[in-house]
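One structure is given here, and the rest of the page talks about it.
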Amino acid sequence: MHQKVDSSLIKRKVTKNRLFYFIFILATLISLSFLVILIYRILSQGIGYLNIDFLRNFPAPYIDKAGIFAGLMGSIFMIAITAPVSIILGVSTALYLEEYAKDNKFTRFIQVNVQNLAGVPSIVFGLLGLTFFVYIMGFGYTLISGALTMSLLVLPVIVVASQEAIRSVPQELREASIGMGATRWQTIWRIVLPTSIPGIITGSILALSRAIGETAPLIIVGAAAAIYTIPDSFLSRYTVMPIQIYSWTARPQEEWQYVAAAGIIVLLIILLCMNAIAVWIRNKFQKRY
Amino acid sequence: MVNKRDNISYSVQDMIKKNKKNKGLHNLVEKLVPIFLFLCAGVSVITTIGILFTLLRESISFFREISFADFYLGTHWSPWTDHFGVAPLIAGTLLITCIAICVALPLGLAAAIYLSEYASENARKVIKPILEILAGIPTVVYGFFALTFVSPMLQYIFTDMRIFNALSAGIVVGIMIIPMIASLSEDAMNAVPNTLRDGALGLGATRFEVATKVVLPAAFSGIVASVVLATSRAIGETMIVTIAAGATPNLTFNPTESIQTLTAFIVQGAKGDTSYLSTIYKSIYAVGITLFIFTLLMNILSQYIARRFKEDY
């Protein structure tokens, strides 16, 4: 006896499957289209205002005189402080957790703590910086306050990325090194770090590119929009690119939007370069074991 | 032959001698390095303590001036005229978060299902990184986009809507968190073993049925965790709402109105000529600790869900 197959049921199932296939593709395309529209809008608005003078000029009250030079240099100076501080602290923390720490409650506490710090809104780091660096340490609204606040902000990201890189170094390499008579630190310095450095650098660059685009905490710790000099010490007033973009966006006259868009193009190009370098390092140097 | 052996034993002895000379230094390094690394690891703990300490210190002195009940039960926020009822700011934050989730949840989840269940390996390899670019765009750029593009577009539909409104800011916050939901949910779905899919397909299920009846339930904890994490990001998002949502504390759930969120007030309060230790200065910390508690609860919830309901295969 053959059971009769309900062909209409199957047909319905197949149609439903096809329908949802298109819905899912459509949703993915809509998500991607946001990126396309965003990039297109910014390019079409800003490209006309982008020229050498825009890169060389300080902020100015007139549209054709305004430039992003102070912001560009401010961002570079800030990263020049943030990068060493956050990478040294971050990699050291990761090394401690992965290579030295015993699996006890305190280690797990540090681990959970790092994860939770990564989820704290950036503006709360701004409040920390305002109380601690600006007022208690007495740095005021200066470059060093902003750079140290940023270091703490990106620290958890660098720790997590470095931990993953260090964890991916196979245990056999460590055992071989110890077996040859190397000490623990020699093993770390000569075997673990060189093997994991591509992953660490990639993670660090990605974290620092987040710091370059960050605006809110720097408003809180006093990066100003109207800065007509380049920082000449840790205790100089400063501005950064996102702050400039924000101040241009916030102006009511429509023409300033084009200046803001030109600033955004410069910012996005720098972020794109950093990301490209990070991906290149990962693909070129990372070994899989 | 003998000579050679002498040579070797000589050099080994030499090495041992040399090694002994360096041993003191080596031992010192071996002892100091873990201490240095431990101190560095302590910085992240100190940061957490610092955040709690600063938020609590200024908030406690704020609550000495303004009562707890006035702050959390009051419905009028106007700090420059001494009205400190935080409800309008919380309402603004919730409104933005709701709009953002309404945008990001369907799009992000659908994209995750497409990438994990339908897309070819090559398509996935291309689309996922492009989608993740959205997560790397600075929020000030999204704010610019919301104000100069999304708002004017929406004004074609809601003709009497002002340029600063909750809707455009909320939509753009949603766009920002799409890749977070899509990427993390896709990871969770990818972790579901293929044997389950093959089993269902072998019984005659369509791909859609496999996705909704097998993969989604199996990856449910990871998906919920990603949504909760994205919600936390939306709550803490600052620049988009500062630029596009206006600066009008408004106890409303009407998305076409101008509002202010917790984060946007912190920017406004810190940016102005707020003097150190004034009531307004302290109020940004009271708002800050409210925001911190919201996001901390969401993060803990997300980790708890991911751990508690995780299915191991």
Discussion item. I'd like to check which helices (runs of 4 or more DSSP H) are fully inside region A:172-289 and have at least 2 residues that are within 27 Å of A:F133 (Cβ to Cβ), of a type outside the set (D, E, K, R) and facing chain B (nearest Cβ under 10 Å).
Written reply: A:193-213, A:216-220, A:241-249, A:255-285
Worksheet entry | Qualifying positions in region B:226-235 - away from chain A (no Cβ under 12 Å) and either among the aliphatic types (A, V, I, L, M) or surrounded by fewer than 22 Cβ atoms within 10 Å (Cβ to Cβ) (or both) | B:V227
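For (1) open to solvent by less than 10 Å² (accessible area, probe 1.4 Å); (2) among the hydrophobic types (A, V, I, L, M, F, W, C), each residue gets a yes or a no:
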| residue | (1), (2) |
| --- | --- |
| B:S78 | no, no |
| B:A87 | no, yes |
| B:A100 | yes, yes |
| B:P106 | no, no |
| B:G136 | no, no |
| B:T139 | no, no |
| B:Q155 | no, no |
| B:S168 | yes, no |
Worksheet item: Within region A:62-76, can you find the residues that are open to solvent by 10 Å² or more (accessible area, probe 1.4 Å) and of a type in the set (A, V, I, L, M, F, W, C)?
Response: A:I63, A:F69, A:L72, A:M73, A:I76
Worksheet item: When you go through A:P156, A:P121 one by one, which is the residue that is in contact with an Asp or Glu (Cβ under 9 Å, 6 or more places away or on another chain), within 11 Å of another protein chain (Cβ to nearest Cβ) and of a type outside the set (V, I, T)?
Response: A:P121
Worksheet item: Scanning for something facing chain B (nearest Cβ under 10 Å), open to solvent by 50 Å² or more (accessible area, probe 1.4 Å), farther than 30 Å from A:W189 by Cβ and assigned to a helix (DSSP H, G or I), does region A:77-86 turn up at least one residue?
Response: no
Discussion item. Looking only at residues that are assigned to a helix (DSSP H, G or I) and open to solvent by less than 70 Å² (accessible area, probe 1.4 Å) in region A:47-61, which one is modelled with the highest pLDDT?
Written reply: A:G48
Discussion item. For region A:215-243, give me the residue count where each residue is open to solvent by less than 20 Å² (accessible area, probe 1.4 Å) and under 30 Å from A:V159 (Cα atoms).
Written reply: 17
Worksheet item: How many residues are within 28 Å of the chain's Cα centre (by Cα) and in a helix (DSSP H, G or I) when one looks only at region B:74-97?
Response: 11
Discussion item. Between B:F53, B:F63, B:F36, which is facing chain A (nearest Cβ under 8 Å) and either in a helix (DSSP H, G or I) or surrounded by fewer than 22 Cβ atoms within 10 Å (Cβ to Cβ) (or both)?
Written reply: B:F36
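Looking at the structure I just gave you, is A:K16 among the basic types (K, R) and either in contact with a Cys (Cβ under 7 Å, 6 or more places away or on another chain) or within 12 Å of chain B (Cβ to nearest Cβ) (or both)?
yes
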Worksheet item: For region B:111-134, does any single residue satisfy the condition of being open to solvent by 60 Å² or more (accessible area, probe 1.4 Å) and under 28 Å from A:Y258 (Cβ atoms)?
Response: yes
Practice prompt. Confirm whether A:K102 is over 30 Å from B:F38 (Cβ atoms), within 12 Å of chain B (Cβ to nearest Cβ), charged (D, E, K, R) and over 27 Å from the mean Cα position of the chain (by Cα).
Written response: no
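Considering B:M176, B:M189, which residue is within 13 Å of chain A (Cβ to nearest Cβ), in contact with a Gly (Cβ under 9 Å, 6 or more places away or on another chain) and touching a residue at least 12 places away in the same chain (Cβ under 8 Å)?
Checking each option against the conditions leaves just B:M189.
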Fill in: Within region B:182-284, helices (runs of 4 or more DSSP H) holding 3 or more residues that are hydroxyl-bearing (S, T, Y)
B:220-236
Fill in: Which numbered condition A:K102 misses (of (1) modelled with pLDDT of 90 or more; (2) under 29 Å from B:S302 (Cα atoms))
(1)
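The values are calculated or read from the model by the stated rules, or taken from the named source; none is laboratory data. Every value quoted in this text rests on a predicted model; they were computed, and no experiment measured them. Because the Cβ atoms are built from the backbone with ideal geometry, glycine has one as well, and the counts that use them run over all protein chains shown. Side chains included, ligands, DNA and RNA excluded: accessible areas come from the protein's heavy atoms. Shrake-Rupley method; radii C 1.70, N 1.55, O 1.52, S 1.80 Å.
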